[in-house]
Structures are given as structure tokens and as C-alpha cells.
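Taking it in order: structure first as C-alpha cells, then the write-up.
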Amino acid sequence: MSRRSVQLKTLVHREILRFVRRPYNTFLPPIITNTLYFAVFGVILGNRIGAIAGVSYIQFVLPGLVVLGAISDAFENASFSIFHGRWNNYIDAVIVTPMSNFNMVASYAIASATRGILTAALIVGVGLVFTSVPLSHPLYLVAFILVITTLFGGLGIIGGLWADDFDYLTVMNQFILRPLVFFGAVFYSLEVLPPLWRDISLLNPMVYMVNGVRYGMIGVTEIDPNVSLVVLTAATVVVLFVDFLLFRRGFGLTE
Amino acid sequence: MEAAIEIDDLRKRYGDVTALDGVSLSVPEGSFFGLLGPNGAGKTTFINILVGLVRKSGGEARVFGHDVETEYREARDRIGLAPQEFNVDRFFPIREVLEHKAGYHGIPADEARERADAALKQVGIYEKRDTRFDWLSGGMKRRFLIARALVTDPDLLILDEPTAGVDVQLRHDLWELITELNEGGTTILLTTHYIEEAERLCDEVAILDQGQVATVSTPDELMDRGTDRITVTFRDPIRSPPDIATNGQVDAVGVEDGRLVISASRGGLVAPDLVRELDAAGYEIVDLDVSRTSLEEVFVEMTRNGSSVADGGEA
């Protein structure tokens, strides 16, 4: 294994151990939250709503909940880890090493995507308790999950570098990310919206993610999944490049 | 011999504040180099530029010939840093923190574990290997910072106030450890507020004041620049100073409590002639004391109100 590989592996390992060793903080919350979502929206309300796009309501909302959990945790992982390291100065111990900026960005992004994927798997597991989980296009599902968790890991890196206080993390997660997801067609079909709101919704990137994962799971989408995948992949590359530039410039890391 | 650190006209500004104002100096490989200066002199800024925590505003800085910005990976690979602040990963036991540190330098996991254990034994806290940093005592925390700096076997060990707030025994233990490392070929860059530490350990010291190098010299040379004090006690106390030939070696002559007090830049050289002269003049000497100026006194004199810099001192 080359020196660069060892460096990358070490930081990825450290980042993954950080959240794996704190399951009450990382894995239990999505299990409980999604159990509540499935129970209330899927079972109690879902039985009154009936089928949407040919599937039960609980199966319709499942992909959206997977996206919501996966991207929230991917974002939170990178942003918290980097911000906490800056807050307590221990990220300095990484900066002063011979690790390249590319390796640092890659490590945080890989670990955060891993956390998002694990959360997605947990939510699917919870969903299985309430309903069957179809798998119409598994390759699309894997591709979308990989891309969106990496994208939000990359956005979390920017958030972690930008934040000057814990309040910033709350603002990003609760006031920006969560509303976008809730208006991203997680709980409803775009068809139920008036034309104006439907067009406005198409500006929301979450719509493409939710529809992509929905296509992978239940084979239903309102947007061409190939277009979504290309756009999201391009966005991921851009965000990771911005991460790299910020690390190279030392934004939030050096004086 | 290659310079471990080569600095040329290094500058750093934080807005309107100038932290480093054209610092130039060279630290020879294998040397024990002290960086002294009052608070705010720019010592930590200087160190942080070398390791990449501060971006320079101008000038050049090289570590073993590698530019700290364009060849940062090569430069940082040679450095072990024990900072003043406790900037340690709180999520993991200290042994794992050291394993991670070694891994960031590209050392494979098996070897990283061996090195972590060796470093913890070297500083005497191996039995605490499964403890998190927050639960260590103050002295152990200092030891741990040294272990973290050593785990990658650096060629340049930078110690920023390593003995701040530690007890006398630990300070001596650390002195012994870093002296051994230096004798083994490791270049040491030490910043300290304990002037005795620099006097005792360093081959050469630079005094930094207001972001500029006031002087670079050996501790002995610096002490020679100070004024020694010769106190002569006579059997019969005197009221006025005797008439003595100074030959330009004496700075001042006076009387305190019936004793003759002489200030001279090299008291050890003046004293024998002085004794002979007083003896010949009929004075009966019962005691003679030559107190050499301390490095601390020279330091205080040089950094008082930035006088050294204003006087044009340079490296």
C-alpha cells in the first residue's frame, strides 16, 4: 500500500470510527425518527390516502425518507467533524501532517458518504418492518445513493469550514436542508401541485434526488432518472472541487 | 551542512497588526536552537508558518530545503510539533491518537501501533494508553504532546513552550529526553519563557521582539554582552570609592553599604587586576563576589520597550 493510500485509509478509518462508536448519537435517532414517520404517515395516514402512482402510500414515501435520512447524516457527519475539530483545534493535528489537500477532502467525503449509506440501509430496514420494499432498478438506486451521499458529504465539508459557531450547523441543517427536503416531493407527488408550484419545485435539487431513488426502488419517477443522475453527478464533482480549493486555500483552517 | 530551517525576510500581517516583520535566520541541522521573546513577539506565528497553520504574507521559509508552501508535504513530513495549546483529538484514547498521527504520515497500521507504544513508553505514560486525553493530568498532557511529536521520528522537533505549567521534576525529565534526542541527531527548535531552559539547553538562541529578530547568538555570547557586578568587602567599610585604574574595562564604580561595587562587561577579567591594585593601595579585602549577568537580564534588557529592534539589531 502506498503512503498516500495509508494516509487516506487512516483518516477515513478515524472518521468512521468516530460515528460507529457512538451509535446512540448516530444510528439510534434515524431508527426512532423513521419508525415514527412510517407509523404516522405510512400506516395511520397512509391507509386513508390510498395508492399513489400504483403503489401504497407507505411505499411511495419510503424512498423520500431514505433520501432525507441519508443526506442529512452525510451532511451532518462532515460538517460536525470538521467544525468540532476547528472548534477544539484538533484538526490542526491533521493539517500539520504531510497529507495532501486532495486526500483530506477525499477522506471526509468518503466517511460522510459511508455514514449516509449506512443510515439509508437502516431506514430501509425500518421500512421492512412496515411494508415490503421493492427494488425495481437496483443499479440506479446504488448510483443515486452513492452520488447524493457524496454530494452532501461534500456540502458538509463546506459547512464545517464556514461555520463559526454551533448555531451555523443548526441553521444549515434545520432551516435550509430540511425545508428543501420536505418540499422535495418526499410526501407527495408533483402531480398534486398547481402548475406554478410544480415548476418552482423543479428548481429544488431534492426533487431530482427523491425521484431518482424512488425510480430505483419502486420504478416510478416524474423526472428522467438519467438527466437527474448526470446533473447530480456534475454537482458532486463541482462541490468536491470547491472543497479542494477551500482546503488548498486553508479557508477556516489557517490564519 | 544543510540548514534545518532557512528563513528569509519572513513577514506576517493580521490586518493592521504586524506579527512578523522581515525575519531572517538559519537553524543548522542537528542544533538545539532557542527562540526567545516576550508575549506577542511572533514566536508561535513563526512556528505555525513552518507547519502550515498560518499563511505567510511574504518572504520565504524552508525546512530541510523544502518550501513550506509549495513543497508542504515534504516539509511537514520532517517535522514533529509539540504545540503550546492542547489540540488533541478528544474522541479517542491516546494510543489511537498516536496511531492516527503516524498513519497521516503514511506509516502502516502495524508499525504505527508499535511506534505509538514506543512513544508512550518514551515519555512515561504507556500505562495510560487506553485513556482519553481529557482524563490525563496536566503533566501527562504535556508528555503526551511530546509523544505525539515523536511518533513519526521527526528530523526537526519543534517544542512550543513544552514545560509551561509543569513541575520541576517533569521539567527536568523533559530536558533530559530532548537533550538525548538532540544528541541522537534531531534538530530541536524550542520556544520558552524559562530563560534558564534556553541557557541550559540551547546551542544558539534568537531573540524575537516585536516581530523582528533582535539578535542570534550563543547563550554565552549573549551573557558576555551584559554587565557583571563585582562587590568587594573590606575589613574597614569605605565611604567613597578608591581611585582605581580602569583601563576602559569598568563601566561604573560606586559604594553601597561600605562596600565597593563595580560594574564591568567582563567581571571575571577585571577582578584579578582589581584585587592586586586594591591590595597595593593598602585596602584589606575580606570578601569578593563576582556575579555574572544572567541570560534573563540580557533578555529583559534587549526586549525592553523594543529597544533592541530600535537599535538596529539583526540576525
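The values are calculated or read from the model by the stated rules, or taken from the named source; none is laboratory data. Keep in mind that what you see is a predicted model, and the values were worked out from it rather than measured. With ideal geometry, Cβ positions are generated from the backbone for all residues, glycine too; neighbour counts draw on all protein chains shown.
Only a single criterion out of (1) free of Cβ contacts under 8 Å to residues at least 40 places away in the same chain; (2) away from chain B (no Cβ under 14 Å); (3) closer than 30 Å to A:M104 by Cα; (4) not hydrophobic (A, V, I, L, M, F, W, C) is not satisfied by A:T33, namely (3).
Among the candidates B:A109, B:A82, B:A19, the residue that is at negative phi, within 14 Å of another protein chain (Cβ to nearest Cβ) and free of Cβ contacts under 8 Å to residues at least 40 places away in the same chain is uniquely B:A109. Contact map, the range B:124-140: residues that are outside the structural domain of B:V88 (by TED's automatic domain parsing) paired with residues that are in a helix (DSSP H, G or I), Cβ distance under 7 Å, separation 6+ or inter-chain. No pairs are found.
Scan the range A:210-252 for residues that are part of a loop (DSSP other than H, G, I, E, B), under 30 Å from A:N103 (Cβ atoms) and of a type in the set (G, A, S) and the total you get is 2. Of all the criteria given as (1) hydrophobic (A, V, I, L, M, F, W, C); (2) part of a loop (DSSP other than H, G, I, E, B); (3) facing chain A (nearest Cβ under 10 Å), the one not satisfied by B:A164 is (3). If you check B:L50, B:L35 for being more than 30 Å from A:H13 (Cβ to Cβ), of a type in the set (A, V, I, L, M, F, W, C), crowded, with 17+ Cβ neighbours inside 10 Å and in contact with a strand residue (DSSP E or B) (Cβ under 8 Å, 6 or more places away or on another chain), only one passes: B:L35. Among the candidates A:G46, A:G85, the residue that is within 14 Å of chain B (Cβ to nearest Cβ) and either hydrophobic (A, V, I, L, M, F, W, C) or assigned to a helix (DSSP H, G or I) (or both) is uniquely A:G85. The conditions of being closer than 25 Å to A:I31 by Cα, in contact with a helix residue (DSSP H, G or I) (Cβ under 9 Å, 6 or more places away or on another chain), small (G, A, S) and in a loop (DSSP other than H, G, I, E, B) are not met by A:S112. Set side by side, the residues B:F133, B:F92 differ, and just one is over 28 Å from the mean Cα position of the chain (by Cα) and within 13 Å of chain A (Cβ to nearest Cβ), which is B:F92. When the range A:1-27 is filtered for residues that are within 10 Å of chain B (Cβ to nearest Cβ) and outside any helix (DSSP H, G or I), the ones remaining, listed by number, are A:M1, A:S2, A:R21, A:R22.
Taking the criterion of being under 18 Å from A:V142 (Cβ atoms), of a type in the set (G, A, S) and buried (at least 17 other Cβ atoms within 10 Å of the Cβ), the residues of the range A:185-234 that qualify are A:G212, A:G216, A:S228. Among the residues making up the range B:83-104, a single one is touching a strand residue (DSSP E or B) at 6+ places or on another chain (Cβ under 6 Å) and at pLDDT 95 or above: B:P93. Under the condition of being out of contact with any Lys or Arg (no Cβ under 7 Å at 6 or more places or on another chain) and either assigned to a helix (DSSP H, G or I) or within 24 Å of B:A75 (Cβ to Cβ) (or both), the residues counted in the range B:125-151 number 15. Of the residues contained in the range B:218-233, none is found to be charged (D, E, K, R), under 30 Å from B:R13 (Cβ atoms) and part of a strand (DSSP E or B).
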